[in-house]
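Asker: Got a structure for you, questions after.
The values are calculated or read from the model by the stated rules, or taken from the named source; none is laboratory data. Treat the numbers as computed from the prediction; the structure is a model and nothing was measured. In this analysis, Cβ positions are derived from the backbone assuming ideal geometry, glycine residues included, and neighbour counts consider all displayed protein chains.
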Amino acid sequence: MSPDSQQLDPLTGLVNRKGFEEELKAMVLLAIQADAPLSLAFLDIDNFKRLNDSLGHEAGDTAIKAIGNMINDLGGSRATVCRYGGDEFALIIPNTEREQAFLLVEQIRSLIDSQQFLSDGKNTVQAHLTVSAGISAIPIDAQDENELLRKADQAFYRAKITGRNKIVLAYEEKMAPKTSHYTQTQLERLSELAREQGVGEAVLLREALDNLLIKYKHAFTSKK
C-alpha cells in the first residue's frame, strides 16, 4: 500500500520518519512470522554541514534531493526508501540477507562518490559528496525491531568514526563496565519494570541509552 501524504517527505518525496517507523514495524513482524530475512540500512551524507555553510541551504536541499533520487533509483524497486531526517536516509529491504543488502548499498555509495555535479531535476550544484552507511539484519544480527535499529545505528556510527565514505556491517559489541549512579527511587522503579517485562535490568538500561543516542545522533554526526 502506498504511503499517504502525511507519510511523505515534502522535499524529497520519499517516505518520512513517521512512515518509516510504521513500515519497519509491519515489515519486521512479517519477516519474523515468515522466518524470512530483513535488512535495515542507515545512510547519511558525510560533512553535509560543510556544504550548507559554504554554499547555502538551497544548495544543501538540492544535494539532499539529488542523493535521495539516486538512492531511490537504485534501491526503490527492492526497498522502502525513507528520508529519516536531515541528511540521513534509511532503507528497509525485505527478503534480503545482510550481504545482499551490502551489495545494494555499495552500489549507491559508489554512484554518489562518482558524482561531481548533483542535480535534483531543477537545480544543480557542483559538489563531490560521499555517504556513510550501517547495516543490520534479521535474523543474523537481531531478533526484533529494537535490536535491529540498535545494531544498524551502531554500525552507522562506526562507519562515521572510522573514516566515512564506507559501509559497516553490524557486529556484536563487547560489554564495557561503567560505574553509574542512580537515585534509590529510580533503581526501585527499574527493578519493578524489569520484573513486569520479564527481562534483566541491564537490558532495559541499554535500550534506554540506545534510544537517547538515536534521538540525539543527528547533532553528533553533523559535527563529524
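Asker: For segment 33-63, enumerate the residues that are within 18 Å of the chain's Cα centre (by Cα), within 29 Å of Glu97 (Cβ to Cβ) and not hydroxyl-bearing (Ser, Thr, Tyr).
Answerer: Passing the criteria: Pro37, Leu38, Leu40, Ala41, Phe42, Leu43, Asp44, Ile45, Asp46.
Asker: So, Asp61, is that one more than 22 Å from Asp153 (Cα to Cα), touching a residue at least 40 places away in the same chain (Cβ under 8 Å) and of a type outside the set (S, T, N, Q) or not? Spell out how you get there, then give the answer.
Answerer: On the way: more than 22 Å from Asp153 (Cα to Cα): yes; touching a residue at least 40 places away in the same chain (Cβ under 8 Å): yes; of a type outside the set (S, T, N, Q): yes.
In short, yes.
Asker: For segment 21-37, check the following and say yes or no: at least one residue is closer than 24 Å to Arg164 by Cα, at pLDDT 95 or above and either in contact with a helix residue (DSSP H, G or I) (Cβ under 6 Å, 6 or more places away or on another chain) or not basic (Lys, Arg) (or both).
Answerer: No, every residue in segment 21-37 fails to be closer than 24 Å to Arg164 by Cα, at pLDDT 95 or above and either in contact with a helix residue (DSSP H, G or I) (Cβ under 6 Å, 6 or more places away or on another chain) or not basic (Lys, Arg) (or both).
Asker: Do you know which residues across segment 182-210 are more than 29 Å from the chain's Cα centre (by Cα) and surrounded by 11 or more Cβ atoms within 10 Å (Cβ to Cβ)?
Answerer: Those that are more than 29 Å from the chain's Cα centre (by Cα) and surrounded by 11 or more Cβ atoms within 10 Å (Cβ to Cβ): Tyr182, Leu187, Glu188, Arg189, Ser191.
Asker: Quick check, is Val131 touching a Leu at 6+ places or on another chain (Cβ under 6 Å) and under 27 Å from Asn69 (Cβ atoms)? Steps first, answer last, please.
Answerer: Numbers: touching a Leu at 6+ places or on another chain (Cβ under 6 Å): yes; under 27 Å from Asn69 (Cβ atoms): yes.
It is true that Val131 is touching a Leu at 6+ places or on another chain (Cβ under 6 Å) and under 27 Å from Asn69 (Cβ atoms).
Asker: To continue, here is another question. Return yes or no: is Thr185 at pLDDT below 80 and part of a helix (DSSP H, G or I)?
Answerer: yes
Asker: Shifting gears a bit: Among the residues that make up segment 138-150, is at least one of them closer than 28 Å to Leu29 by Cα, part of a strand (DSSP E or B), under 25 Å from the mean Cα position of the chain (by Cα) and modelled with pLDDT of 80 or more?
Answerer: So far as segment 138-150 goes, yes, one or more of its residues are closer than 28 Å to Leu29 by Cα, part of a strand (DSSP E or B), under 25 Å from the mean Cα position of the chain (by Cα) and modelled with pLDDT of 80 or more.
Asker: Among the candidates Gln33, Gln115, Gln7, single out the residue that is surrounded by fewer than 18 Cβ atoms within 10 Å (Cβ to Cβ) and within 25 Å of Ile138 (Cβ to Cβ).
Answerer: Gln33
This table checks each residue for (1) buried (at least 18 other Cβ atoms within 10 Å of the Cβ); (2) at pLDDT 95 or above; (3) among the charged types (D, E, K, R).
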{"site": "Leu43", "(1), (2), (3)": "yes, yes, no"}
{"site": "His57", "(1), (2), (3)": "no, no, no"}
{"site": "Glu88", "(1), (2), (3)": "yes, yes, yes"}
{"site": "Ile93", "(1), (2), (3)": "yes, yes, no"}
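Asker: Whether any residue in segment 91-98 is in contact (Cβ under 8 Å) with a residue 60 or more places away in the chain, among the basic types (Lys, Arg) and touching a strand residue (DSSP E or B) at 6+ places or on another chain (Cβ under 8 Å) is what I want to check.
Answerer: Scanning segment 91-98, I find at least one residue that is in contact (Cβ under 8 Å) with a residue 60 or more places away in the chain, among the basic types (Lys, Arg) and touching a strand residue (DSSP E or B) at 6+ places or on another chain (Cβ under 8 Å), so the answer is yes.
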